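First up is the structure itself, then whatever we jot down about it.
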Amino acid sequence: MTKVPVRGKIWFQKLTARSNAPQFGHCAAVSKWKNQWLLNQESSLIGHGHGLGATRDDQIIFNGILFYVGQKYITQAHHMPWWRTEGVILTILLHAGPVEFLYYWLHRALHHHFLYSRYHSHHHSSIVTEPITSVIHPFGEHIAYFMLFAIPLLTTLWTGTASLLSFAGYITYIDFMNNMGHCNFEHIPKWLFSVFPPLKYLMYTPSYHSLHHTQFRTNYSLFMPFYDYIYGTMDKSSDVLYESSLLRKEEAPDVVHLTHLTTPESIYHLRLGFAYLASEPHKSKWYLWLMWPVTVWSMMVTWIYGRTFIVERNIFKHLKLQTWAVPKYSIQYYMQWQRESINNLIEDAILEAEEKGVKVLSLGLLNQGEELNRNGALFIEKYPKLSINIVDGSSLAIALVLNSIPKGTTEILFRGSLSKVAYAIVCALCQKGIQVATFYENEKLKLSAVTQNKSMDSWDGVSDDEQLNAPKGTLFIPFSQFPPKKTRNDAFYYHTPSMLAPPSLHNLHSCENWLPRRVMSAWRVAGIVHALEGWDVHECGDTIFDVKRILEAALRHGFRPTTVST
């Protein structure tokens, strides 16, 4: 038990390996002398496979300064219109012509041994690329590339055809194509080239550029393979690699945790949003209101996509873990007319996981609502022959709440929805001789039946003012996945039931909702523990797994309880 030196009552509040991306698998084609050269280079480079990581900062600072100077001293850059059709056409022609042509020959020159050993080898220090590889260059190369990309920008300025959208569009195109080409994951669909065959000469693919990073003497083009075809430097295995990369077998997880979006801004707190926000507990940021045009667009995308999507991949021991998000927001879970749609999404996710051979699917946040699907029992009744185990994590949540109550506690003031977790907690507390009070008149008889007829007070709901009436040093211990609103500075607010992940759990770089880094909700941990232990049972509906057994198993696998938040 956790000891906290406080007096007064305790309130319960219920507010209702690294997984590597699929690689192209042709690194073995690199010859022996190249491998030896790379090993020699590795010892003299700093950083994670990219040499001096500060070079990406050089580019940001350098480009920022040049754009500032250009806007300040080039009079044509003042008061540009939003759109000029002739400027957009000119930008496209200048990129396809001079920029791509000059880059091709500059790139070939950089692969000459004299320049390669002094400059370009810095960019090739990692055979297996990732998006950040695209901007890892010596400063001299940054200057050369800026001069090339400035050709369309300056030309349209001096001819009076520039516009804000042509500038923004061209810079976005460069960054997108650059990052896409180094992402080491083939995702360009084949039908795109079937619909428009000339596109293969106008747009490269990640697999096409990956060959340049392993073969070194082929596929020199910037974004358009056109010049490789003209000058005979296209790698002959480009098409074969592209085809085989698309046919790769999808990696099947062992455990899936099913969560959902909370607020419209929560998309920015995922790993596919902003890394800075994802690395901190979820909090409302005033400046995200400035992002509302993008926020509305993301809401439309999730609505059109209409199915769960992967937000995180992890590896722990022998298990592959994934977190899937239902494209619904918390407020929608409280709307009666949305329940059928949400249950259909959850059902589809369960069936998809079943088809992929997933062992355990844990229900997170409001996906396990009693009014929504009776803690998952609805799906078990509909599909009684499921081989996948559905886990709502209630047993571990109960164990962690009971574990967080200090020894010597004699009185507890209970509030919140009377879920199966709440009943189990109250029952366990009463069995220990702890007096439990509640504020729900309509639940009095139901509660007393499971708490050995302990006397109950009644009070429906609690406001901020009522929370302020609690004695100094009160502990607020939530038993749901949603934390209480913190209105006191002289009280202790516990985290929602959660555990600190062991160091061997890889790729856990973002925060889960309101929890700190590397802290996972009890519901998510429960699914992992069920898979680690090989328990072939469902924990959903009215079923509660052995509370003591699952806590002991979680501790044995390296998870540690978290308690006080503030």
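Between Leu468 and His506, what length in nm is gained on full extension when 0.36 nm per residue of separation is reduced by their alpha carbon distance? Display every interim value, and only then the final one.
On the way: separation 38, 0.36 × 38 = 13.68 nm, distance 4.12 nm.
Residue separation times 0.36 nm, minus the Cα-Cα distance, leaves 9.6 nm.
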Checklist entry - Straight-line reach from Lys285: which aspartates and glutamates have a Cα under 20 Å away, not including same-chain ones fewer than 8 places off? => result Glu265, Glu512
Item to check | Set of aspartates and glutamates near Lys432 by C-alpha distance (under 14 Å), chain-local residues within fewer than 8 positions excluded | outcome: Glu411
Item to check | 16 Å cut-off, amide nitrogen to a point 7 angstrom out along Leu202 Cα→Cβ, residues in the range 71-96 | outcome: 88-96
Item to check | For the range 170-248, the fraction of alpha-carbon pairs in successive 5 Å shells from zero, as % | outcome: 3, 16, 27, 29, 19, 6, 1
Checklist entry - How far apart, in nm, are two points set 7 Å out from the Cα along the Cα-to-Cβ line at Thr410 and at Phe139? => result 7.2 nm
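Could you work out the local net charge near His557, counting Lys and Arg as +1, Asp and Glu as -1, over the other residues with Cβ closer than 11 Å to its Cβ?
Values: positive: Lys317, Arg556, Arg560; negative: Glu533, Glu552.
Once positives and negatives cancel, what remains is +1.
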Checklist entry - Where a Cα-Cα gap under 16 Å defines reach, which aspartates and glutamates qualify for Lys72, not counting those fewer than 8 residues away within the same chain? => result none
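What is the gain in length, in nm to one decimal, between Asn489 and Lys72 on full extension, counting 0.36 nm per residue of separation less the C-alpha to C-alpha distance? Provide the component values of the computation, followed by the final result.
Working: separation 417, 0.36 × 417 = 150.12 nm, distance 4.96 nm.
Length gained, Asn489 through Lys72: 145.2 nm.
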Checklist entry - Probe 1.4 Å, all protein chains in place: accessible area of Asp392 in Å², nearest 10? => result 0 Å²
Next on the checklist: Solvent-accessible area of Lys283, probe 1.4 Å, all protein chains present, reported in Å² to the nearest ten, please.
Outcome noted: 130 Å²
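Rolling a 1.4 Å sphere over the protein heavy atoms, what is the accessible area per residue of the range 170-226, to the nearest Å²? Walk me through the numbers before you get to the answer.
Details: 2350 Å² over 57 residues.
Result: 41 Å² of accessible area for each residue.
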Checklist outcome for this item: Amide H contacts under 5 Å for Cys511, restricted to residues at least 5 apart in sequence or on another chain and with H modeled in the peptide plane, are Ser279, Glu280
Checklist entry - What residues qualify as long-range amide H neighbours of Tyr383, i.e. H under 5 Å apart, gap of 5 or more or another chain, H built at 1.01 Å from N? => result none
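Quick check: at a probe of 1.4 Å, how many percent of the accessible area of the range 97-203 sits on carbon and sulfur atoms? Before the final figure, lay out each step's value.
On the way: 3720 of 4930 Å².
Carbon and sulfur together cover 75 percent of it.
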Checklist outcome for this item: Note: the range 119-234 at 10 °C, 1.306 mPa s; Kirkwood Rh on alpha carbon pairs; Stokes-Einstein D in µm²/s works out to 102 µm²/s
Checklist entry - Taking the alpha-carbon centroid of each part, what is the distance from the range 326-389 to the range 124-192 in angstrom? => result 42 Å
Item to check | Listed residue pairs exceeding 26 Å between alpha carbons, taken from Lys359/Lys485; Lys328/Lys356; Lys328/Lys420 | outcome: Lys359/Lys485
Item to check | From phi via Karplus (6.51, -1.76, 1.60), per-residue ³J(HN,Hα) for the range 270-277 in Hz, x at Gly/Pro | outcome: 7, 5, 7, x, 9, 4, 4, 5
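Out of the total accessible area of the range 229-361 (probe 1.4 Å, heavy atoms of protein only), what percent is carbon and sulfur?
On the way: 4600 of 7320 Å².
The nonpolar share, carbon plus sulfur, comes to 63 percent.
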Checklist entry - Quick one: Karplus J couplings for the range 290-303, per residue in order, coefficients 6.51, -1.76, 1.60, θ = phi - 60°, nearest Hz, x for Gly and Pro? => result 5, 8, 4, x, 6, 4, 5, 4, 5, 5, 5, 4, 5, 5
Item to check | Pairs beyond 32 Å (Cα-Cα), from Lys486/Lys548; Lys236/Lys320; Lys320/Lys385 | outcome: Lys236/Lys320
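The values are calculated or read from the model by the stated rules, or taken from the named source; none is laboratory data. In this text, all values refer to a predicted model and were calculated from it rather than measured experimentally. With ideal geometry, Cβ positions are generated from the backbone for all residues, glycine too; neighbour counts draw on all protein chains shown. The area values use the complete protein model at the heavy-atom level, side chains included, leaving out ligands, DNA and RNA. Shrake-Rupley method; radii C 1.70, N 1.55, O 1.52, S 1.80 Å.
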